[in-house]
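Below is one structure, written out as structure tokens, with a few remarks after it.
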Amino acid sequence: MEIQIREVKTKQDLSSFVYLPEKIHKNHKNWAPPIYSDDMVFFDPKKNKSFDECDYQILIAIKDGEVVGRCMGLVHHIYNKEHNEKCGRFSFLETYDDYEVFKKLIDHIAQWAKAKGMEQLVGPLAFSDHDPQGMLYEGYDEINVIASNCNFPYLTDFCVKYNFEKKVDLVEYKIDIPEQFPEIYNKIGERFRLNQKNIRIEEYKTKLQFRPIIKPVLTLINKTFGNVYGFTPFTDKEMSDYANRYIFLLSPHFIKVAKNENDEVIGTVVGIPDFSEGFKACKGRLWPFGFLKLLTSGRKTKMIVLLLGAVDQRYQGRGIDVYMGIKMLESAKKQGYKYIDSHLELETNTKVRAEMERMGGVIFKKYRIYQKDL
């Protein structure tokens, strides 16, 4: 049967796009769904202001009257201009084990991007690196954590068959929290407190205490992530959207903020309990009882997932990141957690990777962003 590619224009098609992964991954034990109500907003150009910065196509593939694939194409004008690139992007790609559906979707986006004057297609990459990015190619036996992709191996095979090549890889570390912290941790803490007397690490007991810091923290991310591949600075509206999306998952125990003598935010690390099993249990639906299942999973999990981390360039090399990392380990241990997941790190980010490995981190997942000349 002929495969039809249709651009999402109606609420019904948007719903088909959002809920398709639930069908494809029905028997995929290591796949944790997103929160579908969030996705209905995220993929709606009328509600997600990130679309204002891009040309876009939101596509579904139809075969025998059924939706069998989906993909989003983007041309991010601001990023392309700032980085002197002419790249189109594909992201949120889902298909069954059917190469022809994959090919139809990618062909459609490639032709569309080329008509826009683009010279290369890259992906999976959406609006920025804080969206799910990269295609999993090692670590299929592990469940996906929040804001990360999970795919069957056949999708990576399809990319190779389509003659995509590696653009950049990302890695994910798992760090065991030791029963007894090495003496070196105490020495690092003592040295930091002695040599960095004008810098303090703030910790929090309630979300109410942390809420006023959200915007300064995301402003710091904007300042420090400029050279990170795929990163696009948060606008004020995106800061609010990002905060609202994750605030109910945050635990104040796992938020560390460094400030200087002027009360300026100069460093941060933010983690959350791993809610993956909760996302599975509630099947991506918060109501009527999914919210409770999600919170229960956060109390039962033994792993913390790092969401954000940054140090102001003026203060790098002073041990702030190491000390905040130790503080995070201490808090996680005190709360009974056993592991920390680094979330995705660029393979080229040698400084961060060195810190992860210094804390005993081991790579347990790898992802790839692909590229192909148009």
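The values are calculated or read from the model by the stated rules, or taken from the named source; none is laboratory data. Predicted model only: the values in this text are computed from it and were never measured. Here the Cβ is made from the backbone with ideal geometry for all residues, glycine too, and neighbour counts use every protein chain on show.
What to note about this one:
- All of (1) touching a helix residue (DSSP H, G or I) at 6+ places or on another chain (Cβ under 8 Å); (2) assigned to a strand (DSSP E or B); (3) closer than 15 Å to residue 17 by Cα hold for residue 56 with one exception: (1).
- Residues being touching a strand residue (DSSP E or B) at 6+ places or on another chain (Cβ under 6 Å) and either at positive phi or buried (at least 18 other Cβ atoms within 10 Å of the Cβ) (or both) - total across the stretch 169-198: 6
For (1) farther than 21 Å from residue 164 by Cα; (2) touching a Lys or Arg at 6+ places or on another chain (Cβ under 6 Å); (3) outside the structural domain of residue 133 (by TED's automatic domain parsing), each residue gets a yes or a no:
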residue: 44; (1), (2), (3): yes, no, no
residue: 49; (1), (2), (3): yes, yes, no
residue: 52; (1), (2), (3): yes, no, no
residue: 64; (1), (2), (3): yes, no, no
residue: 67; (1), (2), (3): yes, no, no
residue: 78; (1), (2), (3): yes, no, no
residue: 83; (1), (2), (3): yes, no, no
residue: 87; (1), (2), (3): no, no, no
residue: 90; (1), (2), (3): no, no, no
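- Enumeration of residues in the stretch 290-318 that are among the polar types (S, T, N, Q) and under 23 Å from the mean Cα position of the chain (by Cα): 296, 297, 301, 313
- Scanning the stretch 288-304 for residues that are of a type outside the set (Ser, Thr, Tyr), surrounded by fewer than 24 Cβ atoms within 10 Å (Cβ to Cβ), in contact (Cβ under 8 Å) with a residue 12 or more places away in the chain and not in a helix (DSSP H, G or I) returns 302, 303.
- Scanning the stretch 38-64 for residues that are at pLDDT 95 or above and of a type in the set (Gly, Ala, Ser) yields one hit, 61.
- Residues of the stretch 108-121 include none that is within 30 Å of residue 273 (Cα to Cα) and within 21 Å of the chain's Cα centre (by Cα).
- With respect to the stated conditions, residue 39 fails to be outside any strand (DSSP E or B), loosely packed, with under 14 Cβ neighbours inside 10 Å and under 21 Å from the mean Cα position of the chain (by Cα).
- Among the conditions (1) in the same structural domain as residue 23 (by TED's automatic domain parsing); (2) surrounded by fewer than 18 Cβ atoms within 10 Å (Cβ to Cβ); (3) within 23 Å of residue 50 (Cβ to Cβ), residue 165 misses just one, which is (3).
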